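Have a look at the structure below before the remarks.
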Amino acid sequence: MATTLIRNARIFDGTGAAPFAGDLVVDGSRIAWVSRAGARTDGAHDRVLDAGGRFLMPGMTEGHAHLSFENVAATEDLITPSPEAQVFAAARGAKALIDAGFTSAYGASEAKLRLAVAVRNEVDAGRLPGPRIRAGSMEISVTGGMGDESREHNPRRGPSIIVDGPEEMRKAVRLCCREGCDNIKLDVSGDPFYPNTPSHTTTMSFEEIRMAVDTAHAYGRRVNAHTRSIAGTKMCVKAGVDGLFHCEHSDAELLDLMEDAKDRIVVAPTVALFHQIVKGEAASSGLTPEIGLYMGIPRLLEESVRTHTALRKRGVRHVIGGDYGFRWSAQGTQARDIEFFIDYYGYTPADALVCATRNGGWAMRAPRGDCGGDLGTLQPGMLADMILVDGDPLADPRILTDTRKLVLIMKDGQFHKNILDDGVHGEGHERRGAVPADTHAFA
Ligand SMILES: [Zn+2]
């Protein structure tokens, strides 16, 4: 297989260790070796790139992806568009992510059932640019819960599959599995955007959650939960949910439960949305800080800070990203979360980068079933997903939000972008699938 030597890099390997001057070799889709500068040279390589001392780090993972959310300002924006229109939005979302150095997207939910599945398949075939994708399902909710848009006088379909009772849950999860979803999304708790069921309420039952977990795991899929309430999050941990999203409210027992489960769960705080509302970034879409106050957002943000600072100290695996794709939070800007993790939860820059890289890679390919725990760090044998950054993200994490600072973007050993080597901007990703000869116009 073709080998690439990237020499003279400042390597941040994603383990949390300090960066070091070094060289790295990619063989096919995997990292063959990493060494201190000049410590190892073994023969010729098909391609040699001089990193010029720049910062080489693992590709980032969006840990709670909604690929199909584009310019969303209200639930209506998820319901009204056709699936045909939304699949293009999802494809644009995937491209925006990999252009921004996100080589993986761990799916939360999508506006329709098969959107992320369709985009994942095209990306995997090399026909569309995008990250590795664990395709999220639609939300699965319950009657009267978040996402149930029907009323007695006005039955209509929301962005969710509505189930009641374990047997309906079994059927819904099996449907998502049949249609190709990798990640099943449950709406376990309420939400500040649904006044009937605020964030401290718990709408799904333990039996329903347990059935979803057992069914999805039997199909080799993962289960993620929207859970803000104490009772909801406790049930999720006890039922074996893999990914816990939001988790603002907590008590001592819940923190202990999550710490006990830390070797098998990932947690996405999704703090950006609250930050954006409180700071007025969503105001031009009508979601002003005053409306946020009425919705209880500042209080939820305080709870988020308290809970996730505690979880950081307990070593729970946090991932960045989540709830981007709104009118005020374009896809591809998810690296802002690194700064939010530092400011709100007390992470060091290095540990926030570990959340963005190693923890996200673990979420994508946690060691179980056919997954090898082989993503998220720059170590021998790991999948070759990495970015080369012009600047020092440890000194200023905000540079990761500037795509012009990303000199190389590699996924699976192939360059999505390379402006180091020959001055040819890698706008067109390297295609692996059968591509008609007349597509060179895109390259
Ligand atoms: Zn979400």
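The values are calculated or read from the model by the stated rules, or taken from the named source; none is laboratory data. Please read these numbers as outputs of a predicted model, since none were measured by experiment. Note that we place each Cβ from the backbone using ideal geometry, even for glycine, and neighbour counts take in every protein chain shown. Each accessible area value is taken on the protein alone, full model and side chains, heavy atoms only, with ligands, DNA and RNA left out. Shrake-Rupley method; radii C 1.70, N 1.55, O 1.52, S 1.80 Å.
Within the stretch 209-366, antiparallel bridges make up roughly 10 percent of the DSSP beta bridges whose residues both belong there. Taking amide H as placed 1.01 Å from N in the peptide plane, the amide H of H64 sits under 5 Å from that of Y106, G322, each at least 5 places away or on another chain.
Using every Cα-Cα pair within the stretch 1-134, state what percent have a distance larger than 17 Å. Value for the stretch 1-134: 65 percent of Cα pairs lie more than 17 Å apart. Lysine pairs in the stretch 60-364 whose alpha-carbon atoms fall under 29 angstrom of each other, counting only those eight or more residues apart or on distinct chains, come to 21. Dipole orientation for the stretch 60-364: of the candidates I209, L244, L175, L175 has the Cα lying most toward the positive pole (charges on Cβ; Lys, Arg +1; Asp, Glu -1). Does the chain classify as rounded, prolate or oblate by the C-alpha gyration tensor (a ≥ b ≥ c root eigenvalues; a/c under 1.5 gives rounded; else a/b over b/c gives prolate, otherwise oblate)? It comes out prolate by the Cα gyration axes.
Whole number in Å², please: accessible area per residue of the stretch 60-364, 1.4 Å probe, ligands, DNA and RNA not counted. Display every interim value, and only then the final one.
Numbers: 10720 Å² over 305 residues.
Spelled out: the 1.4 Å probe surface of the stretch 60-364, per residue, equals 35 Å².
Let me know the shape class of the stretch 137-288, please: from the alpha-carbon gyration tensor, a ≥ b ≥ c as square roots of the eigenvalues, rounded when a/c is under 1.5, otherwise prolate if a/b is greater than b/c, or oblate. In terms of gyration-tensor shape, oblate. Charge dipole of the chain (Cα centre as origin; +1 on each Lys and Arg Cβ, -1 on each Asp and Glu Cβ, all else neutral): 580 debye, rounded to the nearest 20. When the helices of the chain are scored as -39500 (n - 2.57) per DSSP H run of n ≥ 4 and the total is divided over every residue, the value at 222 nm lands at -8500 deg cm²/dmol.
Using the Cα gyration tensor of the stretch 217-268, with a ≥ b ≥ c the square roots of its eigenvalues, what is the shape: rounded (a/c below 1.5), prolate (a/b larger than b/c) or oblate (neither)? Prolate, since a/c reaches 1.5 and a/b exceeds b/c.
Selection among G232, G165, A356 by position relative to the dipole of the chain gives A356 as farthest towards the positive end (Cβ unit charges, Cα centre). Under 5 Å from the amide H of R368 lie the amide H atoms of G373, each residue being 5 or more positions distant or on a separate chain, with H modelled from the backbone and absent for Pro and chain starts. In this structure the amide hydrogen of I265, modeled in the peptide plane, comes within under 5 Å of no amide hydrogen from residues 5 or more places off or on another chain.
Run the numbers on the stretch 1-134 and let me know its relative contact order in percent, using alpha-carbon pairs under 8 Å that are six or more apart.
Numbers: 238 pairs, mean separation 28.9, N = 134.
Relative contact order for the stretch 1-134 comes out at 22 percent.
Of the beta bridges DSSP finds with both residues in the chain, what % are antiparallel, to the nearest 5? If you can, show how the numbers build up before the last one.
Values: 30 of 64 bridges.
Rounded to the nearest five, the antiparallel share is 45 percent.
Could you give the distance between the Cα centres of the stretch 309-367 and the stretch 210-286, to the whole Å? Cα centroid of the stretch 309-367 versus Cα centroid of the stretch 210-286: 14 Å apart.
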